[in-house]
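Student: Got a structure here, written out as structure tokens. Questions coming.
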Amino acid sequence: MAERMDDAARRALAALEDRLDERTAAYLNACVRCGLCADSCHVFLATGDPETIPAKKAERVARLYRRYHTLLGRIAPRFAGAEDASDEALDALATAAFGRCTVCGRCALHCSVGLDPAAILRFARLMAQAAGRVPKGIQASIDLARATGNNMGIAREDVIETLSWLEEDLRDTTGDASIQLPVDRPGARVYYVLNPRELKFFPLSISAAGMIFHAAGENWTLSSTDFDLTNYGMFAADEAAAGEFSGRIVRRAEELGVEELVVAECGHGYRALRWEAPEWLGRRLPFRVTSFVEVMARYLAEGRLALDPSRNPARVTLHDPCNLVRHGGVIEEQRRVLRAAVADFVEMTPNRLDNYCCGGGGGLLAASEHAAARLEAGRPKADQIRATGAKVVAAPCHNCIDQLGEINRHYKLGVEVKTIAEIVADALTTGGPG
Amino acid sequence: MPLTPSALVLAAALAVSAAAFVTLRRRLGRPLPAPFAEPRGSAAAGERWALTAAFLPWNKESSRHHAASYAAGLLLHTAIAAMVARLLWSLTGRPLPRPLELALAALLATGLACGLALFAKRLANPALRALSVPEDYAANLLVGAALAGGLAACLDPRALPAFQWIGAALALYAPLGKLRHMVFLVTSRRFWGRFFGRRGVKPAPPVAGEAPRG
């Protein structure tokens, strides 16, 4: 049965009333709609559609804020650019937040006023979620993760079987019978969490991590139950779900008594566990949370990995995942690792904090209703990659890898997309395949 | 010197405006709790950067790519600050030295020209027009009127009462619409700077193995 509109509006407005924090409210009050943020957004660059200007997308929240939270918006809504929480307004809010924005934050770093439109769009997601307007694919991933413990519904036996098979394969490939993919090992120093897609579709990245940990002499473990680093609750701004998912991993880490939780190459997973989980859970975490990229850089700095860059002779360029870089602060480590691991490394233009989103961030890959827009939004990234002349794109994020794979085919780039761990594993001179 | 009616109205309007801004700031939204995540960089350094170097035109792509608009915006806001200072000074009832008055007039004229240019840009640019709401134009015109009033008062003291009446209208209107950004810009930059500073994103990324700054 279709839900009555006014119930959805009431919930969205209750979210606006109860959940709006002073930072987001300050941003809403500071925007002057100068429009200078437009060409900071990869979606606007790809489409030229004024609806995709970051300030315009943020306006979807601002219009409701003005209507219900400002005097001018109450007495002269049309003049103030305020609107009622109608069905159309909530649909437009959800489309702006989930379909036209990956919450990559590039606009935030370039807003000339000094506000963060991405934070406003995250709040738009929160309102859309309250109004029951989360894209079906994202909601399905949340529901599956709630029901099964991971977003792909992989059973524990399948996890153990896959890891066992991978371990055997690793021993065959490397000729090293001592190499392990340890599971649920008590007393481990490091707890390594994965993207479930690695188990299903990208097992080589797990093997690569295993080789690197082995070469570095790390005491590490995987979990057969709480292995899923992804957090679609974060994408949906569903903080209850987000806290539940990260809480599972935090509790498992505490049970294992590890010193360090290492997050496989995944931008949003890193952000969720490193930056957001302590806030969702309302406490400090008793262990360190790091990206595997940081760990590899540390091993290299400590002389624990020996790499031969000539084993990766093809030109390699680097994609900067938004949640790892702009929202995570992991900026130089991946570069140090790649410079040590490949013979020909070339930066994209622009790069680091200014790099463009792949177009698939913010959970957009799971929102099939926005698939065409997602591919279109990947054009600036495709242009960047093509301009480098690279044959390999290193992307320390499985979400980005999926989107880069799609734009590789769509824009006929002819590149190979790999994780940094895979590239490093290929260059290992000890414990590696060669 | 006794206060003129226009000066009295201006003083009252400024007091009401200040009170309104204080109330707005207090009721802005749910206070942010102290964060639990370990910092990677320094919130204080980020905040300092946001309030200082981030204004430099080469530090943001939006200002690099739109240098003319950014420069016009800076000049407009510098002129507005000078206009407000002139307005406040008018409450003392004392004239400014003539050379200073003339320099101020030049600044206000420049700011007015920049404001009108930005107004024309908003009207002419389809993307910007799509982004705008009626109040954007009204606020721009009101500020333009205040700058024009200030300019006239600098050139001819007989225009001072008119400048004060316009100033009173501006002060009363400021907390209501987009002009409130004059206060929330600073608040916004402070939050922005603390967020990105803490995460080690701004002002400069830390090097691996280095202790968190701050």
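Student: Let me confirm something: among B:Ala127, B:Ala105, B:Ala169, which residue is within 11 Å of chain A (Cβ to nearest Cβ) and either touching a residue at least 24 places away in the same chain (Cβ under 8 Å) or under 30 Å from A:Tyr27 (Cα atoms) (or both)?
Tutor: On the way: B:Ala105 fails: within 11 Å of chain A (Cβ to nearest Cβ); B:Ala169 fails: within 11 Å of chain A (Cβ to nearest Cβ).
Answer to the selection: B:Ala127.
Student: Further, regarding this structure: In the stretch B:156-165, which residues are of a type in the set (A, V, I, L, M, F, W, C) and surrounded by fewer than 24 Cβ atoms within 10 Å (Cβ to Cβ)?
Tutor: Of everything in the stretch B:156-165, those that are of a type in the set (A, V, I, L, M, F, W, C) and surrounded by fewer than 24 Cβ atoms within 10 Å (Cβ to Cβ) turn out to be B:Ala159, B:Leu160, B:Ala162, B:Trp165.
Student: If a residue must be of a type outside the set (Val, Ile, Thr) and not in a helix (DSSP H, G or I), how many such residues does the stretch A:250-268 contain?
Tutor: 7
Student: In the stretch A:57-83, how many residues are free of Cβ contacts under 8 Å to residues at least 24 places away in the same chain, of a type in the set (D, E, K, R) and either in contact with a helix residue (DSSP H, G or I) (Cβ under 6 Å, 6 or more places away or on another chain) or assigned to a loop (DSSP other than H, G, I, E, B) (or both)? Don't jump to the end; show me each part of the working.
Tutor: Step one: list which residues in the stretch A:57-83 are free of Cβ contacts under 8 Å to residues at least 24 places away in the same chain, which gives A:66-67, A:70-83.
After this cut, where a residue has to be of a type in the set (D, E, K, R) as well, the list is A:66-67, A:74, A:78, A:83.
So of that shortlist, the ones also either in contact with a helix residue (DSSP H, G or I) (Cβ under 6 Å, 6 or more places away or on another chain) or assigned to a loop (DSSP other than H, G, I, E, B) (or both) come out as A:66-67, A:83.
Residues flagged as free of Cβ contacts under 8 Å to residues at least 24 places away in the same chain, of a type in the set (D, E, K, R) and either in contact with a helix residue (DSSP H, G or I) (Cβ under 6 Å, 6 or more places away or on another chain) or assigned to a loop (DSSP other than H, G, I, E, B) (or both) within the stretch A:57-83 amount to 3.
Student: Listed residues A:Ser207, A:Ser164; which is under 23 Å from A:Glu422 (Cα atoms) and surrounded by 17 or more Cβ atoms within 10 Å (Cβ to Cβ)?
Tutor: Only one candidate qualifies: A:Ser207.
Student: Of the residues that sit in the stretch A:35-61 and are more than 7 Å from every other protein chain (Cβ to nearest Cβ) and surrounded by fewer than 24 Cβ atoms within 10 Å (Cβ to Cβ), which one is farthest from B:Pro134 (Cα to Cα)?
Tutor: A:Ala46
Student: Quick check on B:Arg48: is it within 21 Å of the chain's Cα centre (by Cα) and not hydrophobic (A, V, I, L, M, F, W, C)? Reasoning before the result, please.
Tutor: Values: within 21 Å of the chain's Cα centre (by Cα): yes; not hydrophobic (A, V, I, L, M, F, W, C): yes.
So B:Arg48 passes the test.
Student: Still on this structure: What is the one condition in (1) farther than 22 Å from A:Arg326 by Cβ; (2) under 23 Å from the mean Cα position of the chain (by Cα); (3) crowded, with 19+ Cβ neighbours inside 10 Å that A:Asp426 does not satisfy?
Tutor: With respect to (1) farther than 22 Å from A:Arg326 by Cβ; (2) under 23 Å from the mean Cα position of the chain (by Cα); (3) crowded, with 19+ Cβ neighbours inside 10 Å, A:Asp426 is out only on (2).
Student: May I ask you to say which residue of A:Cys101, A:Cys107 is within 12 Å of another protein chain (Cβ to nearest Cβ), within 30 Å of A:Ser368 (Cα to Cα) and of a type in the set (A, V, I, L, M, F, W, C)?
Tutor: Only one candidate qualifies: A:Cys107.
Student: Let me ask something additional. Does B:Phe184 qualify as being under 19 Å from A:Val32 (Cα atoms), surrounded by fewer than 22 Cβ atoms within 10 Å (Cβ to Cβ) and of a type outside the set (Asp, Glu)?
Tutor: Against the criterion (under 19 Å from A:Val32 (Cα atoms), surrounded by fewer than 22 Cβ atoms within 10 Å (Cβ to Cβ) and of a type outside the set (Asp, Glu)), B:Phe184 does not qualify.
Student: Right, another one. Within the stretch A:304-341, can you find the residues that are within 14 Å of chain B (Cβ to nearest Cβ), surrounded by 22 or more Cβ atoms within 10 Å (Cβ to Cβ) and part of a helix (DSSP H, G or I)?
Tutor: A:Glu333, A:Gln334, A:Val337, A:Leu338
Student: Quick one: how many residues across the stretch A:283-303 are more than 7 Å from chain B (Cβ to nearest Cβ) and more than 20 Å from the chain's Cα centre (by Cα)?
Tutor: Count: 7.
Student: Let me ask something else about it. Which condition does B:His77 not pass, out of (1) surrounded by fewer than 17 Cβ atoms within 10 Å (Cβ to Cβ); (2) over 24 Å from A:Gly81 (Cα atoms), if it passes all the others?
Tutor: So B:His77 meets the others, but not (2).
Student: Next up: Go through (1) farther than 27 Å from B:Arg194 by Cα; (2) buried (at least 18 other Cβ atoms within 10 Å of the Cβ); (3) within 7 Å of chain B (Cβ to nearest Cβ) for A:Ala26 and report which single condition fails.
Tutor: Unmet for A:Ala26, out of (1) farther than 27 Å from B:Arg194 by Cα; (2) buried (at least 18 other Cβ atoms within 10 Å of the Cβ); (3) within 7 Å of chain B (Cβ to nearest Cβ): (1).
Read-outs: derived from the displayed coordinates by stated rules, not from any lab. This structure is a prediction, so every number in the text was calculated from the model and none was measured. Cβ sites come from the backbone with ideal geometry, for glycine too, and all protein chains shown count toward neighbours.
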